[in-house]
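Undergrad: This structure is in structure tokens; I'll ask about it shortly.
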Amino acid sequence: MKRGITVLLSLSVLLTLAYFTASKWAIRHETISFHDPARDNRLVAVDIAVRWDKEMQADAGMITLPVTIINHGNTVKHTEYSFLANVFAARGYLVISPQHDLPTDPPMVTKVGEIYVGRLPQIQRGVANIHFAISEMKKIQPNADYNRVTMVGHSMGGDITMYFAKQYPDEIKKVVTLDNLRVPFLTEGKFKILSFRSHDTEFKPDPGVVPDEDECEKAGITVVNTGFQHNDMRDTGPDAAKTSIQSMLDKFLEDTDSSSLKPVPTKVPDLLTSSPGPVPLASNPTPANRPVAN
């Protein structure tokens with residue numbers, strides 16, 4: 001019986017991987033550079049991901065595309081989350097991934113005791129980038145719902161995501177974070193939240209960031225405690241981590257039309273634990289010359 005369950009779980013992982021591998025060939029990726037005149041023509045590059053057929057239908061005025069914004073981690077490129085973008089694009093979303101920091105930006109100075117450990121200026125810059133990117137994308141693809149977007153982010157990008165949701169809750173449809181560490185969750189229950197948490201000895205959330213189980217239940221928050229490392233949650237991470245997250249995320253999106261705010265049941269046995277099942281969850285150490293997301 002145990003062997004049968006192991007084989008079934010292995011097949012589930014393989015089918016999920018095959019689905020997203022096949023889907024990505026029908027997805028168009030493009031990088032567009034915008035310049036914000038209100039901020040000294042600041043460069044805001046965005047990576048776009050959209051299904052070819054859905055884009056053609058939107059261009060013809062047949063449909064309105066739902067919109068997802070993906071926010072990258074600190075020092076990580078906006079193009080390094082294609083494994084997430086492809087999940088949303090495969091489901092018909094227009095995915096917009098802005099580049100929040102530039103090589104010419106001053107280094108982030110973290111200050112313990114200040115709000116969000118001194119990172120508020122960078123977070124607010126990210127919010128400004130999002131609003132500017134949306135305003136520019138309206139000119140390129142007007143047949144999309146920019147009024148209420150699904151906001152996604154990893155690490156620092158997850159903090160930008162949560163901060164944006166706090167400041168502009170009426171502009172949010174859903175929230176997905178991957179190991180945000182500084183900005184506390186929004187617990188008013190205005191929209192569903194899915195959050196993947198790492199099992200990492202170095203990257204730990206600040207006290208009060210992640211609500212307890214009872215509060216999550218009331219607010220419609222699904223917390224998935226994984227066996228992955230913080231830096232596994234991007235394109236450079238191991239396939240086991242990315243495939244499992246894709247599977248959880250896809251299941252979460254199936255619940256879009258539900259009016260209930262109960263957390264979404266996204267637990268998959270043996271795939272997201274520190275004691276892996278049939279798929280080895282080998283960590284993917286960051287090379288010495290590779291910037292670390294935090």
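The values are calculated or read from the model by the stated rules, or taken from the named source; none is laboratory data. Since we're looking at a predicted model, the values are computed, not measured. Note: ideal-geometry Cβ built from the backbone for every residue, glycine included; neighbour counts use all protein chains shown.
Undergrad: Within the set of pairs 6 or more residues apart or between chains, which connect a residue that is farther than 17 Å from residue 88 by Cβ inside the range 149-169 to a residue that is among the acidic types (Asp, Glu) and crowded, with 24+ Cβ neighbours inside 10 Å with Cβ atoms less than 7 Å apart?
TA: Correct list of pairs: 155/179.
Undergrad: Can you list the helices (runs of 4 or more DSSP H) found entirely within the range 1-105 that contain at least 2 residues being under 17 Å from the mean Cα position of the chain (by Cα) and modelled with pLDDT of 95 or more? Even if it seems obvious, please write down each step before you answer.
TA: Working: elements: 2-24, 52-59, 82-90.
It comes to 82-90.
Undergrad: Any idea which residue in the range 144-168 is nearest to residue 233 (Cα to Cα), counting only those that are in contact with a Gly (Cβ under 6 Å, 6 or more places away or on another chain) and polar (S, T, N, Q)?
TA: 155
Undergrad: Regarding residue 243, is this residue part of a helix (DSSP H, G or I) and at pLDDT 75 or above?
TA: Criteria met by residue 243.
Undergrad: Pairs needed: first member in the range 43-54, of a type in the set (Phe, Trp, Tyr); second member anywhere, part of a strand (DSSP E or B); C-beta distance under 7 Å; at least 6 residues apart or different chains.
TA: Note: pairs meeting the criteria are 52/28.
Undergrad: Within the range 136-144, does at least one residue satisfy the condition of being assigned to a strand (DSSP E or B), more than 19 Å from the chain's Cα centre (by Cα) and surrounded by fewer than 24 Cβ atoms within 10 Å (Cβ to Cβ)?
TA: Within the range 136-144, the subset assigned to a strand (DSSP E or B) is 144.
Going one step further and asking which of them are more than 19 Å from the chain's Cα centre (by Cα), we end up with 144.
Okay, now just the ones that are also surrounded by fewer than 24 Cβ atoms within 10 Å (Cβ to Cβ), so 144.
Checked the range 136-144: at least one residue is assigned to a strand (DSSP E or B), more than 19 Å from the chain's Cα centre (by Cα) and surrounded by fewer than 24 Cβ atoms within 10 Å (Cβ to Cβ).
Undergrad: Let me ask something else. Search the range 106-129 for residues being part of a loop (DSSP other than H, G, I, E, B) and among the charged types (D, E, K, R), and hand back the single one that is farthest from residue 183 (Cα to Cα). Spell out the reasoning first.
TA: Our first condition is that a residue be part of a loop (DSSP other than H, G, I, E, B); within the range 106-129, this holds for 106-114, 119.
Remaining after also requiring among the charged types (D, E, K, R): 111, 114, 119.
Values: 111: 15, 114: 12, 119: 10 Å.
Ranking the candidates gives 111 first.
Undergrad: Scan the range 65-104 for residues that are of a type in the set (Ser, Thr, Tyr) and at positive phi and jot them down.
TA: Passing the criteria: only 75.
Undergrad: Right, next: Output the number of residues of the range 207-231 satisfying the condition of being of a type outside the set (Ser, Thr, Tyr) and not in a loop (DSSP other than H, G, I, E, B).
TA: 13
Undergrad: Only one of these is within 21 Å of residue 150 (Cα to Cα), surrounded by 12 or more Cβ atoms within 10 Å (Cβ to Cβ) and in contact with a Leu (Cβ under 8 Å, 6 or more places away or on another chain): 44, 50. Name it.
TA: Selected residue: 50, the only one of 44, 50 that is within 21 Å of residue 150 (Cα to Cα), surrounded by 12 or more Cβ atoms within 10 Å (Cβ to Cβ) and in contact with a Leu (Cβ under 8 Å, 6 or more places away or on another chain).
Undergrad: Next question, about the same structure. Consider the range 219-248. How many of its residues are touching a Ser or Thr at 6+ places or on another chain (Cβ under 7 Å) and among the hydroxyl-bearing types (Ser, Thr, Tyr)?
TA: 4
Undergrad: List pairs: first residue in the range 199-215 and in contact (Cβ under 8 Å) with a residue 24 or more places away in the chain and closer than 16 Å to residue 187 by Cα, second residue β-branched (Val, Ile, Thr) and crowded, with 18+ Cβ neighbours inside 10 Å anywhere in the structure, Cβ distance under 9 angstrom, at least six positions apart or on different chains.
TA: 209/183; 210/221; 210/223; 211/221; 211/223; 215/221
Undergrad: Please indicate, with yes or no, whether at least one residue in the range 82-97 is under 21 Å from residue 128 (Cα atoms), surrounded by fewer than 23 Cβ atoms within 10 Å (Cβ to Cβ) and either touching a residue at least 40 places away in the same chain (Cβ under 8 Å) or not aliphatic (A, V, I, L, M) (or both).
TA: The answer is no, given that none of the residues of the range 82-97 is under 21 Å from residue 128 (Cα atoms), surrounded by fewer than 23 Cβ atoms within 10 Å (Cβ to Cβ) and either touching a residue at least 40 places away in the same chain (Cβ under 8 Å) or not aliphatic (A, V, I, L, M) (or both).
Undergrad: With the requirement that a residue be assigned to a helix (DSSP H, G or I), surrounded by 21 or more Cβ atoms within 10 Å (Cβ to Cβ) and not hydrophobic (A, V, I, L, M, F, W, C), what does the range 145-171 give you?
TA: 157, 158, 159, 161, 163
Undergrad: I'm trying to understand the selection: among the residues of the range 203-222, which are within 19 Å of the chain's Cα centre (by Cα) and over 16 Å from residue 165 (Cβ atoms)?
TA: Matches in the range 203-222: 203, 204, 205.
Undergrad: Answer yes if at least one residue in the range 109-129 is crowded, with 23+ Cβ neighbours inside 10 Å and polar (S, T, N, Q), and no otherwise.
TA: yes
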